1. For Asp392, tell me the accessible area in Å² from a 1.4 Å probe, rounded to the nearest 10.
2. Grab the Cα-Cα distance for Thr232 and Asp75, subtract it from 0.36 nm times how many residues apart they are, and report the gain in nm with one decimal.
3. Going by alpha carbons, how many degrees (0 to 90, nearest 10) lie between the helix axis of 190-205 and the longest principal axis of the chain?
4. Relative to the compact globular guide of 2.2 N^0.38 Å, what is the alpha carbon radius of gyration of the range 3-280, as a ratio?
5. How large is the convex hull of the C-alpha atoms of the range 309-394 per residue, in Å³?
6. Considering all projection directions equally, how large on average is the shadow of the alpha-carbon convex hull of the range 411-486, in square nanometres?
7. Can you sort Ser20, Ser297 by solvent-accessible area, 1.4 Å probe, largest first?
8. What is the gain in length, in nm to one decimal, between Asp271 and Ala427 on full extension, counting 0.36 nm per residue of separation less the C-alpha to C-alpha distance?
Amino acid sequence: MTQTTATRFSTLKQPQYLRSALKSRIVHLGFGAFHRAHQALFTSEMLEKTQSDWGICEINLFGGEALIEQLREQDHLYTVAEKGADSTEIKLIGSVTESLHPTMDGKQSVLNKMTEEQVAIVSMTITEKGYCADPATGRLDKNNPIIQHDLHHPQTPDSAIGYIVEALRLRKEQGIKPFTVMSCDNVQENGHVARSAVLDFASLLDPKLAKWIEENVTFPCTMVDRIVPAATEETLQEIAQLIGHADPCGIACEPFRQWVIEDNFVNGRPDWDVAGAEFVADVVPFEEMKLRMLNGSHSFLAYLGYLGGYAHISDTMTNANYSKAAFDMMLKAQAPTLQMPEGTNLKSYAALLIERYSNPSLKHQTWQIAMDGSQKIAQRMGGSLRHHLANDTDYKWLALGIAGWMRYVSGVDENNQKIDVRDPMVAQLQEITAQHGLNKSVVKELLGIDAIFGQDLVENQAFVEQVTDAYQVILDKGAREAVASL
Ligand code: NAI
Ligand code: CS2
């Protein structure tokens, strides 16, 4: 099904805005699944409704060369398939103007682009680990090998943080206005974490530059939400069937989407609100709500679901014990820890999440969500845990979620099959789990990893006991029974 650029996508509704008039005013780091179905789509819909020229230059710093190559081949157009339980809507996205990759185009081209005068925003979906921050403190991990590399070679960086600091240095030197740095990752207070990482890194190189960044650059926090599973052969084939030819850059997602953005931009911003985004003064309550209720229950379902033999989140929802546990976790363990603006209805939010998880068209793998747990667990469950420990309230769902993660990172499932554990800390995790085997003594050892849990949790005897008991239940009865016993 090879197509020329002219006939590609010709069956779809074309962008009504003049693509040739767009400028790369946004540089986005992380042309992954999520960004394609979220920010790029919001931008495309915003362009339909405004007379503006906000285009996006896409950059993948790690991997994804083939995707960038393919994107160029199709004139930077691609499709998003919004899959509801009963029907699918296809949208053609035209907001991407160009693309770069350091291994294809050289690091200098990336830095040159980030230094261009019209670039007003550098946004990111680089995964939790891309911030090179200590998950427990949110501060830059100076010993991270990529950061060490970049500190020694700041003009040819590897990390997103290194690129941002070098681009800002060049802009300062050339008298060009700085850009706003906008994180769109699932990181608690993502703007603050990005800011700390950038400032910590810049201070180590040049305190004057750090001061200039502190005074001139903003790092708005954002709450981003849309379930976008990694593309599979199956979803790509489905898209090909719907549009009449292959689109290797196409991506499928759920119909729901939400984007709450702190309105704090130093160099202008698109009117994303015309496409449904919300600009607010303080995003943190919304971020916490989403991270704890959605991502927290997602991680719970990912570990206990995978161990229980469920490949997808929607499969876990076919087991009433899992859906009840997820719903109870949201409302009893997470919601009471939140301070939301008046009028927020957390019960409806939880009910909608269960409905979204149950969407059978969305094949969201438990294994995918289980990835990078060392970077996710603390922000999804740590804050709530501390709340319950301080108030002496019930947190059994969180204890089982953490125990599920511990059982999962052992690398062996309940049928003695190997689990492909993907995590930047996998070596350390598996050294510990190998030492202890499937034995409850592993719990205290894993809770003792400072970078994940801080120091206070492992010192709390009652907490350690509760997680240990939950771990033992998983060992004795298996994940499904452990969930049922909640
Ligand atoms: P993906 O695997 O499709 O893409 C990951 C992207 O991150 C790639 O562009 C890759 O180049 C980049 N990346 C990976 N490691 C990096 C590093 N160390 N430094 C710089 N860039 C790095 O994943 P996807 O689905 O796009 O998710 C990315 C992030 O978006 C997630 O980690 C999460 O924080 C956020 N997100 C994802 C949602 C989803 O449902 N997929 C929904 C809401 C937020
Ligand atoms: C998931 C999220 O992969 C994960 O860890 O919990 O990517 C989740 O799908 C999104 O945050 C939904 O907005």
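1. 140
2. 54.3 nm
3. It is inclined by approximately 70 degrees.
4. 0.98
5. Working: hull volume 10.1 nm³, N = 86.
Once divided by residue count, the hull of the range 309-394 is 117 Å³.
6. Seen from a random direction, the Cα hull of the range 411-486 projects 5.5 nm² on average.
7. Details: Ser20 105, Ser297 0 Å².
Of Ser20, Ser297, the descending order of accessible area is Ser20, Ser297.
8. Details: separation 156, 0.36 × 156 = 56.16 nm, distance 4.44 nm.
Gain on stretching Asp271 to Ala427: 51.7 nm.
The values are calculated or read from the model by the stated rules, or taken from the named source; none is laboratory data. For clarity, every value in this text was computed on a predicted model and none was experimentally measured. For neighbour counting, all protein chains shown are included, and Cβ atoms are generated from backbone atoms with ideal geometry for every residue, glycine included. Accessible surface areas use protein heavy atoms only, side chains included; no ligands, DNA or RNA. Shrake-Rupley method; radii C 1.70, N 1.55, O 1.52, S 1.80 Å.
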